[in-house]
Amino acid sequence: MYQYNDADRRLVSERVAQFKGQTERYLAGRLNENEFRQYRLRNGLYEQRHAPMLRVAIPYGVLSSGQLRALAYIAREYDKGYAHFTTRQNIQFNWPRIEQVPDILQTLANVDMHAIQTSGNVVRNITTDHLAGVAADEVVDPRPYCEILRQWSTLHPEFNWLPRKFKIAISGAREDRAAIRLHDIGLQMIRNESGRVGFRVYVGGGLGRTPMIGKLLTSFLGEHDLLSYVEAILRVYNLNGRRDNLYKARIKILVDALGVDQFRQQVEEEWRQIKDGELRLERSRIDGMKIHFMSPQHGAPKSGIARVQLTRNNNPVFNAWYEHNTVAHKRVGYRIVTISLKAPTGAPGDLTADQMDAVAQLADQYSGGELRVSHEQNLVLADVMQADLIELWRALRAYGLAAANIGTLGDMICCPGLDYCAQAHAGTVDIAQQINARFKNVDTLHALGNIRLNISGCINSCGHHHVGDIGILGVRKQDKPWYQIMLGGSIGADVVLGKRLGPAVSEEAIVDIVERITQIYLEYRDEGESFARTIRRIGIRLFKEKVYEDHTK
Amino acid sequence: MKIIQNRQILENDLWQHDNGDANLPSGPVFISLTRWRAQREALLPYVRQGWLGIRLEAEDDVSRIAGVLGIFPAIALVFSVFTEGRGYSQARLLRKRYGYQGQIRATGDIRRDQLAFLERVGVDTVELAEDQDVESSLGAYGDISVQYQPASSQSDQACSHVAHLQNTKHPTVHL
């Protein structure tokens, strides 16, 4: 992963001092609420429902074991002993005290971490595929480009006061695991006919109140032009994005208003002026960055595959974990392991300080001291030798991190909801737990196959409910939580927004309805057909009829 | 008026802002783009004396005056609220796209913590908001010495490291 140099460290450290100064002025009454708010957001600090919330950046989801240990320390010293991983590969602490945040940031700075630009109307964390660098279907490793973009976007003097937040995602594989077309800028890494590396550039994607799928801006942008092109987009957005209405200020609104062709024209006019200037990426810069992300030296993997096979045959619990929570690595003898943060009785995406320390140890022991955060709110050990899988599995089990539910209904994407978030209309974590309780029979869960259940507590859709196979949106009616259901959303090759199933249902009914939906699927599916495929084949009308005919409000 | 120019407190600022009177005050004065367009000929005496500055609102398109920049020894950019971001792009374009070498002044709701980024996009003069303390605001320039983006400010200030240039040494690869 990227190794900080002295300048990187100095920047982070100076930023901590700057924010410390701003905090002191605020607490002394020399900086008003309104102004301090803008500076604290740009340092990741929210005022939330019950307490301030600190969102720490995990750049493109890559984390070292040392950093994870520091996060555990922070969870213990400054928080209530746990933290939450988000759908943008960041981590959130729910209970810091404002006056202690500069100290927390200093602790982070000591391990080359920060909370810079994780909120506010700025370029946010660049996100990517959690299997970057190891996936079998990789075209180009996106991580060096993520880091280049991260640096370019950090404390960029021109783009600190954008009309609204700005999210960029990069995918380097054939399957898009980064949902790039749901971002303000989505970058798909490709090679053209001559083998040159470049990007397909999408713009104006996003969920929330006005969900939109990103539109193609250019079908090939050479890698050397990455920064100048993105800068051109940002400049056009900075100058022309709406600033009169918070809900109409994202770039997707601008692209939609101008039409993508007009928008492209403006971007390319700007880009023509700067493309061959100082933002042009030199070969040496790109290659120099790639060195940070070289694969760890893989010796011949220890023999042990036979033992794994044997254990799979004899131990159905291990086998279920192997099948659901591990996938093929591009190198023989290795396996990619997902650590499930979806313990059925826990809060999806949460990890305790003890678990963090345990996972850091496992990362050191089994995966070169590195981990990734997936946007599905799980952790990934990307370089595990097959021979080590059994020991790793046992250790994960001991810490409640081996639920064999990755990719299943139990692997829910779930925002923090009413328990934590001032924006939420409804609880989400309790719904997730109730659904898990209903589906506690692991065989039933597995029989349902791949189902992506996404739960958002409000229309801001941090839980990505628009693109779940099943999406649940918390709403408020008569001052009580109700739940809107959507079906048939998808990301990956084809981004499709789910369709509303019908009127919102009560919190008493939602679990029954989710179960009913799965029953209908089982009844109507073809042999071996996935949930997503069945919905595509038969449409949602049948689901609508059967769900609402049974359902009494 | 609390004014900082090239990181120093400016005591004797000569520039005034047009307040809409039919007659402009004597001396250097910023007028609006609208007034410039309407009264071009009539303003020639001011132009000849080097007294005509232009004040751009955030929604004004800088390219519209690109051809006549040489007339204005100073350009003021209005920030109606400190969260207004368009002025930063306007300044950047004036300096880098159109090669403007005169004074670029930020005016309006400018506070201490905007100073550093304003300088980096090419603003050399700042009218701070009324409630700001000018002396202590100067400290803002020293907050962050590292820059990841190429510099474009006019002032030749120290300590502007472009971090990536230091990455030429290959890092230790962790095995």
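Give me the percent of DSSP beta bridges within the range A:70-198 that run antiparallel, rounded to the nearest 5. Provide the component values of the computation, followed by the final result.
Details: 5 of 12 bridges.
Looking only at bridges with both residues in the range A:70-198, the antiparallel portion is about 40 percent.
Give me the lysines in straight-line cross-link reach of A:LYS20: C-alpha distance below 26 Å, same-chain residues under 8 apart excluded.
The qualifying lysines are A:LYS80, A:LYS165, B:LYS2.
In Å², rounded to the nearest 100, what is the total accessible surface buried by chains B and A against each other with a 1.4 Å probe?
Accessible area lost upon association: around 3900 Å².
Calculate the dipole size of the protein assembly as shown relative to its Cα centre from +1 charges on Lys and Arg beta carbons and -1 charges on Asp and Glu beta carbons; express the result in debye to the nearest 20. The partial results should precede the final answer.
Details: 88 positive and 84 negative charges, 216 e Å.
Using Cβ point charges on Lys, Arg, Asp and Glu, the protein assembly as shown gives about 1040 debye.
List the aspartates and glutamates whose Cα sits under 18 Å from the Cα of A:LYS252, skipping any in the same chain fewer than 8 residues away.
In chain and number order, the partners are A:ASP184, A:GLU231, A:ASP244, A:ASP261, A:GLU268.
Report the local net charge at B:ILE54: Lys and Arg +1, Asp and Glu -1, summed over other residues whose C-beta lies under 12 Å from its C-beta. Provide the component values of the computation, followed by the final result.
Working: positive: B:ARG35, B:ARG37, B:ARG40, B:ARG55, B:ARG64, B:ARG105; negative: B:ASP18, B:GLU57, B:ASP60.
Surrounding charge for B:ILE54 is +3.
Could you work out the local net charge near B:ALA66, counting Lys and Arg as +1, Asp and Glu as -1, over the other residues with Cβ closer than 13 Å to its Cβ? Present the calculation step by step, with values, prior to reporting the outcome.
Numbers: positive: B:ARG64, B:ARG95, B:LYS96, B:ARG97; negative: B:ASP60, B:ASP61.
Net charge in that neighbourhood comes out at +2.
What does the accessible area of A:MET294 come to, in Å² to the nearest 10, when a probe of 1.4 Å is used?
For A:MET294, the solvent-accessible surface is approximately 100 Å².
So which lysines can A:LYS477 reach, going by Cα to Cα under 27 Å and dropping same-chain residues fewer than 8 places off?
List returned: A:LYS248, A:LYS499, A:LYS544, A:LYS546, A:LYS553.
What is the Cα centroid distance between the range A:513-550 and the range A:368-399, reported in whole angstrom?
When both Cα centres are located, 34 Å separates them.
What is the percent carbon and sulfur in the accessible area of the protein assembly as shown, measuring with a 1.4 Å probe over the protein chains and ignoring ligands?
On the way: 13580 of 28870 Å².
Here it works out to 47 percent.
Nearest 5 is fine: what % of DSSP beta bridges in the range A:403-485 come out antiparallel, could you say? List each step's numbers first, then the result.
Numbers: 6 of 12 bridges.
So the antiparallel bridges in the range A:403-485 amount to around 50 percent.
Could you do me a favour and compute the accessible area per residue for the protein assembly as shown, 1.4 Å probe, result in Å²? Write out the running numbers ahead of the final one.
Working: 28870 Å² over 728 residues.
With the other protein chains kept in place, the protein assembly as shown gives 40 Å² per residue.
At 20 angstrom or more along the helix axis (alpha-carbon based) and mean Kyte-Doolittle of -0.5 or higher, what helices does chain A contain? Whole DSSP H runs only. Intermediate results must be reported in sequence, preceding the final value.
Numbers: long enough: A:6-27 (31 Å, -1.08); A:226-240 (21 Å, 0.77); A:260-274 (21 Å, -1.48); A:510-524 (21 Å, 0.56).
Correct list, ordered by number: A:226-240, A:510-524.
Quick one: grab the alpha carbon gyration tensor of the range A:222-331, order the square roots of its eigenvalues as a ≥ b ≥ c, and give me rounded if a/c is under 1.5, else prolate or oblate depending on whether a/b is larger than b/c. Show your work: numbers first, answer last.
Details: a/c = 4.85, a/b = 1.99, b/c = 2.44.
Oblate is the answer for the range A:222-331, as a/c is 1.5 or above yet b/c matches or exceeds a/b.
Roughly how many Å² of A:GLU231 are accessible to a 1.4 Å probe, to the nearest 10?
Its heavy atoms expose roughly 10 Å² to the probe.
Just reorder A:ASP512, B:ASP18 by solvent-accessible area, largest first, 1.4 Å probe, all chains present. Write down the numbers at each step before the final one.
Values: A:ASP512 80, B:ASP18 20 Å².
Final ranking, largest accessible area leading: A:ASP512, B:ASP18.
Which cysteines does chain A leave without a neighbouring Cys Cβ under 4.7 Å?
Unpaired cysteines in chain A: A:CYS146, A:CYS414, A:CYS421, A:CYS458.
Cβ under 13 Å from A:LEU31's Cβ, A:LEU31 left aside: what net charge do those residues give with Lys, Arg +1 and Asp, Glu -1? Can you show the working numbers first?
Numbers: positive: A:LYS20, A:ARG25, A:ARG30, A:ARG37, A:ARG40, B:ARG111, B:ARG112; negative: A:GLU24, A:GLU33, A:GLU35, B:ASP113, B:ASP131, B:ASP133.
Spelling it out: positives minus negatives among the neighbours equals +1.
The values are calculated or read from the model by the stated rules, or taken from the named source; none is laboratory data. What you are looking at is a predicted structure, and each value in this text was computed from that prediction instead of being measured. Cβ sites come from the backbone with ideal geometry, for glycine too, and all protein chains shown count toward neighbours. Heavy atoms of the whole protein, side chains included, go into the accessibility calculation; ligands, DNA and RNA do not. Shrake-Rupley method; radii C 1.70, N 1.55, O 1.52, S 1.80 Å.
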